Amino acid sequence: MSTEREEQVINTCYTTIHTLDNQKDKKQKRVQYMKKDGKFPVMFLKAPGDWSTYFVDIFTTLIEIRWRVMFLIFFLSNIISWLLFGLGYWLIAYVNGDTESLENKPCVENVRGFTGAFLFSVETQATIGYGFRYMNEYCIVAIVVVTVQDLFSCFLDTIIIGIVLAKMASARKRAQSVGFSKFAVVNLRDGVLCLSWRLGDFRGNHILEGVVTAQLVRCMKRPQGFIAWSYQDLQIEEPEIALTTPVTIIHKLEPGSPLYSLDPDELLEENFDLVVSFTYTGDSTGMLHQTRTTYTPADIRWGQRFKDILKVGKKHYKVDYAFFNKTTWVPVPMLSAEALNRKRHPDDGHLPSVKRKGGTGHVTLEINEEPVLQTFL
């Protein structure tokens, strides 16, 4: 990028234009590294019929399945067990002769056919116990089957209840109540270009502690044809936060930042995913949770800031989430952070260069703390 480019300042607070768009060079839609809801669009191709990995960790498999499948498993497990044990009681009655003669003293009273055996199985496993059908003490085989069914019913209920509770207390559900803003913005803070985005807890103050991280992920195709991923960490100011009210996460575009040498036009031409995450502990359950999302270059709004969301009342701090994703334009140089620093230091000598995607950029070693423009942040 030429260092002779003139510094441009925009002040479009009263316009309806909201994002920068390059209409000439529209890129083909690509597959993102991660979706907005934090899910990864990855499909694993396995050999047909290879389900061993799912059965090895059956508890995790049952937790991750959909609710409708979980209910189907619950109904089928009970119905099949009732049928199997009912068949066992019917065989006992058949061998003992209870199905042929009403005068015969049965192992299980009032069980003369399969229907009666099935009802006795349901009453035993569900502990209904109407009292009309009951076990006689001299039939040892029937007593053993009843004991096995009682133990099996306790084991089955424990598994089903545990899985249902684990699914209800899943960290993914709590993560839906903690969210990031839909867009990230670039503006001046104390004379330094900064990339920032918002983070808020929609349930109020229920977070003990949390850490924010950010990574710039690029998909690179090698000459040999295979795909490689490039990960670059972004330095976050005050990554450890207490999320009592919505906060703005800030990353300074300083030397060492992957976005240091990008101006607004070059930013739109980039191909990366800015993956941000917030890992925290909830005080209600004491469980560890994580909320994450991604920003593409089209989601980064240059020369804008978030509207004020916090107000001070007489007894409370008031948070208006209606403005959580609202932004407004502010005067910001339409230059990269590197070019802006070079204009502040025109007398600097040769600057060390860094390579970025095949090109070469220069890195300044000093930052002028005096702001160039008067902005409202």
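Here the condition is being at positive phi and in the same structural domain as residue 218 (by TED's automatic domain parsing); of 313, 303, it holds for 303 alone. Going residue by residue through region 98-121, is there one that turns out to be within 30 Å of residue 58 (Cβ to Cβ) and either in contact with a strand residue (DSSP E or B) (Cβ under 8 Å, 6 or more places away or on another chain) or assigned by TED's automatic domain parsing to the domain that holds residue 64 (or both)? Yes, that holds for at least one residue. For region 276-288, state whether one or more residues are under 32 Å from the mean Cα position of the chain (by Cα), of a type in the set (Phe, Trp, Tyr) and within 22 Å of residue 233 (Cα to Cα). The answer is yes, given that some residue of region 276-288 is under 32 Å from the mean Cα position of the chain (by Cα), of a type in the set (Phe, Trp, Tyr) and within 22 Å of residue 233 (Cα to Cα). Scanning region 52-66 for residues that are at pLDDT below 80 and loosely packed, with under 10 Cβ neighbours inside 10 Å yields 52, 55, 56.
Of the helices (runs of 4 or more DSSP H) lying entirely inside region 67-179, those containing at least 1 residues that are charged (D, E, K, R) and surrounded by fewer than 16 Cβ atoms within 10 Å (Cβ to Cβ) span 67-96, 140-168, 171-175. Candidates 257, 277: the one that is more than 25 Å from residue 207 (Cβ to Cβ) and either in contact (Cβ under 8 Å) with a residue 12 or more places away in the chain or not assigned by TED's automatic domain parsing to the domain that holds residue 327 (or both) is 257.
Just to be sure, is residue 198 assigned to a loop (DSSP other than H, G, I, E, B) and at pLDDT 85 or above? So residue 198 does not fit the description; no.
The values are calculated or read from the model by the stated rules, or taken from the named source; none is laboratory data. Keep in mind the model is a prediction, meaning the values are calculated, not measured. Neighbour counts are summed over all protein chains in view; Cβ atoms, including those assigned to glycine, are modelled from backbone coordinates with ideal geometry.
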